[in-house]
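Comments concern the structure below.
The values are calculated or read from the model by the stated rules, or taken from the named source; none is laboratory data. Remember, it's a predicted structure, so these values are computed and weren't measured experimentally. All Cβ positions, even for glycine, are placed from backbone atoms using ideal geometry, and neighbour counts span all protein chains on display. These area figures cover heavy atoms from the full protein model, side chains too; ligands, DNA and RNA do not enter into them. Shrake-Rupley method; radii C 1.70, N 1.55, O 1.52, S 1.80 Å.
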Amino acid sequence: MITTDVLIAAALLFFLRVMNNAVSTVRLIMLARQRRALTFVLSVIETLIFAVTIGSVVTDMGNLLNLAAYSVGFAVGGYVGMWIEARLITGHLIVNIFTPKKGHEIAVTLRDQGFGVTETIGEGKDGKVSMLRSVVNKRDMSHLIDIVQGMHEEAFIAVEEARAVERGWVRMRAGRPSATGS
């Protein structure tokens, strides 16, 4: 029989499992960025929530409502963690652009749009190529790629995560460039 207490317990289990997986997602991001103290604190919180939630499920495996709340809470928690990462955790990416055509024009356009760009010339399989490198906020990456592809859709673009950014020129979220570092 499903009572109010049973529903409240399942809802609490669902909420805790969402929080558990969201904390886990953020912890993994902090681990990759080598934020040791924050990773430690998040690990303790994650483990505590997990112990409470798993204890609630394994003590009564016949309770399908709790089992469903646990499972669906885990899935929703993944989405919540990705939302937190996308909205609240700022990060930087390094965008490398290789193109045999329009390299300088692309760099000028990107600078006009507030992006910092370093230009170098290299030698590719078929001859001279422009190599452009820009450090961008994660939220700005798709805008930068749209600009590049709009100017030369066959440009080779490689993106990598930047663990830390010190000094330099990085476009701010509102589109205004800013100097970074101290």
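Check the straight Cα-Cα distances from Lys128 and name the aspartates and glutamates below 16 Å, setting aside those fewer than 8 residues away within the same chain. Those aspartates and glutamates meeting the cut-off are Glu105, Glu119, Glu154. Rolling a 1.4 angstrom probe over the protein heavy atoms with all chains in place gives the chain an accessible area of 62 Å² per residue. Scaled against the 2.2 N^0.38 Å expected of a compact globular protein of N residues, the Cα radius of gyration of segment 27-81 reads 1.37.
Asp112 exposes around 120 Å² of accessible area when a 1.4 Å probe is run over every protein chain in place.
So if I take the alpha carbon set of the chain, get Rg, then get Rh from the Kirkwood formula, what is the Rg over Rh ratio?
On the Cα set of the chain, Rg over Rh gives 1.19.
Residues whose amide H lies under 5 Å from that of Val129, counting only those 5 or more places away or on a different chain, are Gly122, Glu123, Gly124; hydrogens are built 1.01 Å from N in the peptide plane. Of all lysines in the structure, those lying under 25 Å Cα to Cα from Lys138, and not within fewer than 8 positions of it along the same chain, are Lys102. For the chain, the relative contact order works out to 21 percent when only alpha carbon pairs closer than 8 Å and six or more residues apart are counted. Largest GNM mean-square fluctuation across Gly78, Gly127, Gly114, computed for the chain with C-alpha springs under 10 Å, falls on Gly127. When the trypsin sites (Lys or Arg not before Pro) in segment 30-98 are filtered for DSSP coil states and for at most 16 other beta-carbon atoms within 10 Å of their beta-carbon, the remaining sites are Arg33, Arg35. Which percent of the accessible heavy-atom area of the chain goes to carbon and sulfur, probe 1.4 angstrom? That share works out to 63 percent. Of the peptides 128-137, 12-21, the ranking by mean beta-carbon count within 10 Å, highest at the top, reads 12-21, 128-137.
Rolling a 1.4 Å probe across all protein chains gives Glu119 an accessible area of roughly 70 Å².
Placing +1 on the Cβ of every Lys and Arg and -1 on the Cβ of every Asp and Glu, with nothing else charged, gives the chain a dipole about its Cα centre of roughly 520 debye.
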